[in-house]
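See below for the structure under consideration.
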Amino acid sequence: MSIVSTIQQSVTESLSALFSQKFTEKDFQVSETKPEFEGDYTIVMFSLVKLLKLSPDSIGNRLGEKLVADHPDFITGFNIIKGFLNVSIADNYWISLLSKNHGDENYGRRSPNGQKVMVEYSSPNTNKPLHLGHLRNNFLGWSVAEIYKANGFEVIKSCIVNDRGIHICKSMLAWKKYANGATPESTGIKGDHFVGDYYVRFEDDLKAESQVLINKIKLADLSDFSGAELLKLEKLLVDLTKLDEIKDEEKINKLHGEIRELSRACTSVIAEAKQMLLDWEDGKPEVIELWKKMNSWVYAGFDVTYKKIGSDFDRIYYESDTYLLGKNIVHQGLEKGVFFKKDDGSTWIDLTAEGLDEKIVQRRDGTSVYITQDIGLALQKYEQYKIDQSIYVIGNEQIYHMKVLKLICEKLGMPNAGNIFHLSYGMVELTTGKMKSREGTVVDADELVDEMVATSKQLTEELGKVKDFNEDDLKGLYDTLGLGAMKFYLLRVDPKKTMVFNPAESIDFHGFTGPFVQYTYARIKSILRKIADAEPVPDQDIKINSPLFKLEKDVIINLEQYPAALEEACIEHNPSIIANYIFNLAKSFNSLYTEHSVANAESEEKKQLRIQLAGMTANVIKSSMALLGIRVPERM
RNA sequence: GGACCGGUAGCUCAGUUGGAUAGAGCAUCAGCCUUCUAAGCUGAGGGUCAUUGGUUCGAAUCCAAUCCGGUUCACCA
């Protein structure tokens, strides 16, 4: 039981005894005492004042005396300031917490609860390499999975690979046109980047061709358009002339954007891509063969990146397998009356009662739309794994989509549909604004990882502390530090917030960073190694005669909070709670480290105490950093 | 226009079941390495918590309105 709930319970009992009425822990608040006051925990009197119609001081005095009398081994003193009852906790309470848990590498973790949860994350497209945004997604997903495991859940990490569709055809087309049979092997380019380059090539062609069309439109030449597109275009142009008179810049821009989109859609290269997609769906052998070949290049590239950043999956779904899954669902939905058919034959769901719109679930030609596949996959996940919860790590631009998905699953009566959770995270922006692939400002994942590792190498060499390391050790250390810095940097921010990626800040290894925590760990291990070398210490209970120093107590208080932080991170689906927690723990230990020596403590008892303190801090740092996917070095 | 998310120090971020004088890192300035690793520690300056009103013993936190920024509302995925 945590110390706060222990205090709550004691206070509840004492209050009930004092005032002969029933109290619950909701009748008052317990929090840590602010550093400028004496005491460890504070009980706020004001809510009790209302209940008891007595002055804060009177309640505080009686409660404080009662608490000390009832729990002399736990609460040793109190003071009251302006309605705040500050109580002091016995040193022995902290010391026993330490002796009990200091050697437990699983401290804070919970035993299995029998619940199964699937975390879907990463979900890449097979037409380009991973970028900074994917890194945030991967680190978040992986970390949330670990946090769930630590809270007793059985976790299945999954990934849906978007390996089909018109965007995939784009890179295939460009490769056919320009590659002359080149391969990643023949060029020495990593497979995902190799394919991505052709995707860019296609986009360049598309841009050039649509620009020609736009130029023609400007000269009132609409000969390249026909049918529905022509009508739409003419309407847009009429609207545009009207707006030109009003001078509404926003609307004019919007219209220009629509014209741009329309001309893109009417290019010959898009027509080719569409044709290729049809051929793919028909199973045309040469298309399928090329598709398989190019995807295999991408997967080879992804494997390298995933391995490097430590992402892994228990189950990988491919959209090429799942994109037809929703078909049966439409039937069922119609039978259950959840869906309805419109006159043109398309199938819909009415979500207006939920404050949303009508959403289409099947086109009039009978083909599935995006959401239908997702429903199919959601059901398949449940059927295959009987999961209790399903977590989707997807960017916040899909909040609406995921809301619809969850609602539909609930209406279809899918088991545990209520436990679908969209872990939506904010975009990663640059100091110069958003990343835009068309402007080439996208930060490539592989490049970034390499830079971080190179930075850690450079800084390590400058400090020159590990000159005796062999080459493998060094390489391992650079990876540990570089990736640690990057993961910590991306995970320390609340997932749901848009965050700014500042390159200069990201390679800073001081302050609120991964390497700061890693350094604390390495120093502790160094101390413990030296002590153990000198004289192996037996594990023992500690009795000390001198009081705990504030700095010692601060560290123990931090350690006591680990289980609570772990639980909160799980409930909130939020690794940044862990990151903030570890940083505070490391900081408190560093302060202690500077002020009080472990090896040369003033007494043998204090030495034993600090050995346990250091050991437990190291354990908690190691296991909590592991929840973020960050390794800690024994030396650095 | 509707819906959702955000606005806290120069910058990046904590802090929301309402609590004491709003915190941390970076940056700036001033100190600390013959003593367990200075990737560290100690201290200083820096704030109308977007604005206005309300709720109450008490509001960054709850409510309302307004302003600013973002996302979204496709027979695209």
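Here A:301, A:337 are screened, and the one residue that is in contact with a Gly (Cβ under 8 Å, 6 or more places away or on another chain) and of a type outside the set (Phe, Trp, Tyr) is A:301. For the stretch A:366-394, filtered to residues that are within 9 Å of RNA strand B (Cβ to nearest atom) and buried (at least 17 other Cβ atoms within 10 Å of the Cβ), the residue that is nearest to residue A:496 (Cα to Cα) is A:371. Restricting the first member to the stretch A:72-97 and to residues that are without any contact (Cβ under 8 Å) to a residue 12 or more places away in the chain and within 17 Å of residue A:32 (Cβ to Cβ), and the second to residues that are assigned to a strand (DSSP E or B) and within 16 Å of RNA strand B (Cβ to nearest atom), no beta-carbon pair is closer than 9 Å while six or more apart or on different chains. Among residues of the stretch A:346-365 that are in contact (Cβ under 8 Å) with a residue 40 or more places away in the chain and more than 9 Å from RNA strand B (Cβ to nearest atom), those with a beta-carbon under 9 Å from a residue that is acidic (Asp, Glu) and in a loop (DSSP other than H, G, I, E, B) at least six positions away or on a different chain give the pairs A:351/A:357. Across the stretch A:18-34, a minimum of one residue is classified as touching a residue at least 60 places away in the same chain (Cβ under 8 Å), within 24 Å of residue A:554 (Cβ to Cβ), within 14 Å of RNA strand B (Cβ to nearest atom) and under 37 Å from the mean Cα position of the chain (by Cα).
Against the list (1) in a loop (DSSP other than H, G, I, E, B); (2) crowded, with 19+ Cβ neighbours inside 10 Å, the condition residue A:312 fails is (2). The C-beta contact set for the stretch A:511-528 (first residue more than 7 Å from RNA strand B (Cβ to nearest atom), second residue part of a helix (DSSP H, G or I) and basic (Lys, Arg), distance under 7 angstrom, 6+ apart or interchain) comprises A:514/A:487; A:521/A:622.
Go over the candidates A:26, A:22 one by one and state the one that is in a loop (DSSP other than H, G, I, E, B) and over 20 Å from residue A:72 (Cβ atoms).
On the way: A:26 fails: in a loop (DSSP other than H, G, I, E, B).
A:22 is the lone residue from the list that is in a loop (DSSP other than H, G, I, E, B) and over 20 Å from residue A:72 (Cβ atoms).
For residues that are without any contact (Cβ under 8 Å) to a residue 60 or more places away in the chain and of a type in the set (A, V, I, L, M, F, W, C), scanning just the stretch A:586-610, find the one that is nearest to residue A:98 (Cα to Cα). Here the answer is A:592. The one condition from (1) more than 27 Å from residue A:496 (Cβ to Cβ); (2) at pLDDT below 90 that residue A:354 does not meet is (1).
Scanning the stretch A:337-356 for residues that are within 34 Å of the chain's Cα centre (by Cα) and surrounded by fewer than 11 Cβ atoms within 10 Å (Cβ to Cβ) turns up A:352, A:353, A:355. Take the stretch A:93-115 and flag every residue that is in a helix (DSSP H, G or I) and buried (at least 16 other Cβ atoms within 10 Å of the Cβ). The answer is A:93, A:94, A:95, A:97, A:98, A:99, A:101.
Which one of A:11, A:4 is near RNA strand B (Cβ under 9 Å from one of its atoms) and surrounded by 14 or more Cβ atoms within 10 Å (Cβ to Cβ)? Being near RNA strand B (Cβ under 9 Å from one of its atoms) and surrounded by 14 or more Cβ atoms within 10 Å (Cβ to Cβ) holds for just one of A:11, A:4, which is A:4. Of the helices (runs of 4 or more DSSP H) lying entirely inside the stretch A:501-580, the ones with 3 or more residues being crowded, with 20+ Cβ neighbours inside 10 Å and modelled with pLDDT of 95 or more are found at A:514-534, A:550-560, A:562-571.
Please state which one of A:464, A:433, A:482 is loosely packed, with under 13 Cβ neighbours inside 10 Å, within 22 Å of the chain's Cα centre (by Cα) and within 12 Å of RNA strand B (Cβ to nearest atom).
Details: A:464 fails: within 22 Å of the chain's Cα centre (by Cα); A:482 fails: loosely packed, with under 13 Cβ neighbours inside 10 Å.
Answer to the selection: A:433.
Restricting the first member to the stretch A:280-296 and to residues that are free of Cβ contacts under 8 Å to residues at least 24 places away in the same chain, and the second to residues that are in a helix (DSSP H, G or I), the beta-carbon pairs closer than 7 Å and six or more apart or on different chains are A:288/A:280. Per the conditions (1) in contact with a strand residue (DSSP E or B) (Cβ under 6 Å, 6 or more places away or on another chain); (2) touching a residue at least 24 places away in the same chain (Cβ under 8 Å); (3) more than 9 Å from RNA strand B (Cβ to nearest atom), the sole criterion not satisfied by residue A:451 is (1). With respect to the conditions (1) within 14 Å of residue A:636 (Cβ to Cβ); (2) polar (S, T, N, Q); (3) in contact (Cβ under 8 Å) with a residue 60 or more places away in the chain; (4) near RNA strand B (Cβ under 7 Å from one of its atoms), residue A:498 falls short on a single one, namely (1). For the stretch A:289-338, taking the residues that are within 14 Å of RNA strand B (Cβ to nearest atom) and aromatic (Phe, Trp, Tyr), the one that is farthest from residue A:122 (Cα to Cα) is identified as A:323.
Pick out the one residue from A:75, A:80 that is over 26 Å from residue A:417 (Cβ atoms), among the β-branched types (Val, Ile, Thr), more than 35 Å from the chain's Cα centre (by Cα) and surrounded by 24 or more Cβ atoms within 10 Å (Cβ to Cβ). Write out each step before concluding.
Working: A:80 fails: surrounded by 24 or more Cβ atoms within 10 Å (Cβ to Cβ).
One residue alone meets the criteria, A:75.
The values are calculated or read from the model by the stated rules, or taken from the named source; none is laboratory data. Predicted, not measured: the structure shown is a model, and the values here were computed from it. Positions of Cβ are generated from backbone atoms using ideal geometry, with glycine treated the same way; all protein chains shown enter the neighbour counts.
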